[in-house]
Amino acid sequence: MASNAVTRLAARLSELAAAPVALERPQDPSHGDYATNVALQSAPQHKRAPREFAAELAERATTLDEVERAEVAGPGFVNLWVTTAWLAEALAEVGPDYGGGTAAEPQKIQVELVSANPAGPLTVGSARNGAYGDSVARLLAYAGHEVEREYYFNDSGRQIDLFRASVDARRRGEEPPEGGYQGDYVNELAQREGDPVAHMLAEIRREVADFRIPIDTWRRQAEIEQKVPEVLPKLDTYEADGTLWARTSAYGDDKDRPLVRSADGSYLYFAADVAYVQDKLERGFDRAIYVLGADHHGYVARLKAAAAMLGYDPERIEALIYQLVHIVEGGRVKRISKRRGDVVFLRELVEKVGVDAARWYLVSRGHDQPIDIDVDLAAERTQKNPVYYVQYAHARIAGILRNAGDATVGGDPPAELEREERDLIKRLTDFPVIAAEASERRAPHAIPIYAIRVADDFHRFYHEHRVVESETETFRLGLCRSTQHVIARCLDLVGVEAPERM
């Protein structure tokens with residue numbers, strides 16, 4: 001893991017404690033700048049009472065250049081106050097790539113995302129898949145992994161046949177077949193010549209690019225199905241009820257899965273799924289991540305079973321399940337059904353709130369929770385809107401640096417830092433841990449939450465203290481620039497732009 005001032009301080013304390021030290025930031029600054037429970041955790045192995053061991057550790061800690069004072073609290077916590085010189089050292093490390101390269105063992109990882117079938121434009125549900133999956137990919141890449149994003153087009157099967165039939169019916173001036181697709185977009189496609197699926201593939205490619213999701217590779221189900229014949233002999237199978245089955249229940253699945261109809265040799269869904277697992281893993285990915293909607297929860301065990309049957313470690317397959325998106329407008333939730341034509345498409349959301357707000361709101365909650373997006377708030381260009389609030393902090397810093405002209409940015413700190421300066425620097429030093437944990441837990445929602453706190457601390461500092469033409473101008477300009485680096489990185493990790501002016 002990349003070294004920084006906090007990890008180095010923890011390492012020095014670990015030597016004193018003869019045990020691994022994890023530093024935390026107390027919510028109440030009266031409890032110190034950092035705290036550790038190492039005395040509580042390791043007192044038994046030292047055969048010492050926790051408070052006694054904590055008192056000894058606190059005394060030793062004050063011999064470090066980084067520590068100004070230390071106190072024992074509660075049953076054996078050690079609270080630490082760091083020196084101004086240490087804070088200045090920590091601040092000097094905060095550059096454009098601060099907090100990156102934290103992966104202990106960099107891997108080659110594929111993130112397959114969106115993969116909506118091309119029977120219509122992307123919906124807000126698919127948009128959550130894309131925003132979430134892309135943010136996970138950005139975090140993994142920032143941590144130091146080699147990441148490839150892939151989109152899998154389900155361009156064959158019953159739903160695609162029904163979609164084509166719906167467009168053809170409209171071309172003849174008829175109603176779509178029962179269970180077919182409705183909506184203005186079907187009528188628009190009926191006015192165009194050629195295969196409607198090809199038109200939708202092209203449209204989806206544009207929508208994904210406009211939504212700032214850089215797809216590296218595209219796969220089509222029709223192509224993957226061509227590999228099914230070579231995959232089937234590798235599987236544990238049996239015939240029953242006129243169907244060839246995969247014995248996935250012997251590999252951790254809750255039941256066996258059908259592969260091929262014996263009567264006509266037609267492939268069922270799982271046949272393509274297995275071929276696709278092989279297609280992914282034979283390309284050498286250490287890990288293949290699927291981003292799937294809540295209705296695909298049952299897919300996880302069967303995909304791992306497919307990997308195991310093919311002779312791969314099933315742990316190389318990882319599935320991230322995200323929950324539904326509800327669009328709230330005028331205080332009312334919109335109902336969604338693509339086939340009825342009653343649906344909120346990604347392009348509609350972007351038209352109303354913009355890409356920045358859409359990306360922000362779609363990753364602002366944990367993927368295991370439903371999201372309500374209030375489009376009225378998301379469209380606001382005021383500080384009540386969190387994405388605007390964070391972007392405004394970035395733009396305000398850019399303005400400060402412009403106003404400073406040719407002034408030196410970054411310098412020695414004053415003998416004593418103001419409380420708001422200390423708070424802001426400590427907040428910035430949190431970023432490496434925030435980014436690393438967000439990557440490891442596939443939890444990009446931690447980034448917007450943290451970015452708001454950085455903006456809060458910056459705005460407090462800015463309202464209390466002059467920067468340009470102050471006695472500590474060079475130091476404060478450096479503090480502003482470091483804050484700008486962290487805010488810009490946070491915004492980039494969730495696919496949001498960092499404006500210079502607003």
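Any read-out appearing in this document is the output of simple, stated calculations on the displayed coordinates, not a laboratory observation. Just so we're clear, the structure is a prediction, and the values are computed from it rather than from any experiment. Because the Cβ atoms are built from the backbone with ideal geometry, glycine has one as well, and the counts that use them run over all protein chains shown.
So here's what we get for this one:
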read-out: Rounded Å value of the spacing that divides the Cα centres of the stretch 66-100 and the stretch 151-196; value: 61
read-out: Helix 419-429 axis, angle to the chain major axis (alpha carbon atoms, nearest 10°); value: 40
read-out: The stretch 427-456 versus the stretch 215-259: alpha-carbon centroid distance in Å; value: 40
read-out: Built amide H within the under 5 Å cut-off of Val260, gap 5+; value: Leu244, Leu268
read-out: Prolate/oblate/rounded label for the stretch 9-64 (Cα gyration tensor, a/c 1.5); value: prolate
read-out: For the stretch 47-54, 3J(HN,Hα) per residue [Karplus equation, 6.51 cos²θ - 1.76 cosθ + 1.60, θ = phi - 60°, Hz, x = Gly/Pro]; value: 6, 10, 5, x, 5, 5, 5, 5
read-out: Relative contact order for the stretch 109-260, counting Cα pairs under 8 Å that sit 6 or more residues apart, in percent; value: 22
read-out: Relative contact order for the stretch 341-476, counting Cα pairs under 8 Å that sit 6 or more residues apart, in percent; value: 31
read-out: Residue-count net charge about Ile373 - beta-carbon cut-off 11 Å; Lys, Arg +1, Asp, Glu -1; value: 0
read-out: Over the stretch 345-410, relative contact order from alpha-carbon pairs under 8 Å, at least 6 apart, %; value: 26
read-out: Tilt relative to the chain, helix 386-403 - C-alpha long axis, 0 to 90 degrees, to 10; value: 50
read-out: Whether the stretch 255-321 is rounded, prolate or oblate, judged on the alpha carbon gyration tensor where a/c under 1.5 counts as rounded; value: oblate
read-out: Scattering curve values for the stretch 417-502, log₁₀ I(q)/I(0), Debye with Cα scatterers, q = 0.16, 0.23, 0.24 Å⁻¹; value: -0.64, -1.14, -1.20
read-out: All-pairs alpha carbon distance profile, the stretch 153-299, 10 Å steps from 0, percent; value: 9, 29, 33, 22, 6, 0
read-out: Per residue, the convex hull volume that the Cα atoms of the stretch 326-450 enclose (Å³); value: 159
read-out: Value of Rg to Rh for the chain (Rh from inverse mean 1/r over Cα pairs, i.e. Kirkwood); value: 1.06
read-out: Segments 247-253, 385-391 sorted - mean Cβ within 10 Å per residue, highest first; value: 385-391, 247-253
read-out: For the stretch 92-209, alpha-carbon Rg over 2.2 N^0.38 Å; value: 1.46
read-out: Cα-based Rg and Dmax for the stretch 1-126, where Dmax is the largest Cα-Cα distance (Å); value: 20.9, 68
read-out: Mean projected area in nm² (Cα convex hull; one quarter of hull surface) for the stretch 46-98; value: 4.8
read-out: Long-range amide H partners of Ala319 with built H, under 5 Å; value: Tyr290
read-out: Debye log10 I(q)/I(0) at q = 0.18 Å⁻¹ for the stretch 385-430, Cα point scatterers; value: -0.81
read-out: For the stretch 207-219, 3J(HN,Hα) per residue [Karplus equation, 6.51 cos²θ - 1.76 cosθ + 1.60, θ = phi - 60°, Hz, x = Gly/Pro]; value: 4, 5, 5, 5, 8, 6, 10, x, 6, 8, 9, 10, 10
read-out: Rounded D (µm²/s) - the stretch 241-382, Kirkwood Rh over Cα pairs, Stokes-Einstein at 4 °C, 1.567 mPa s; value: 72
read-out: Rounded to whole Hz, the Karplus (6.51, -1.76, 1.60) HN-Hα couplings of the stretch 227-239, x for glycine and proline; value: 8, 4, x, 7, 7, 3, x, 7, 9, 7, 10, 7, 9
read-out: Principal-axis tilt of helix 346-363 within the chain, Cα atoms, nearest 10 degrees; value: 50
read-out: Antiparallel DSSP beta bridges within the chain, percent to nearest 5; value: 50
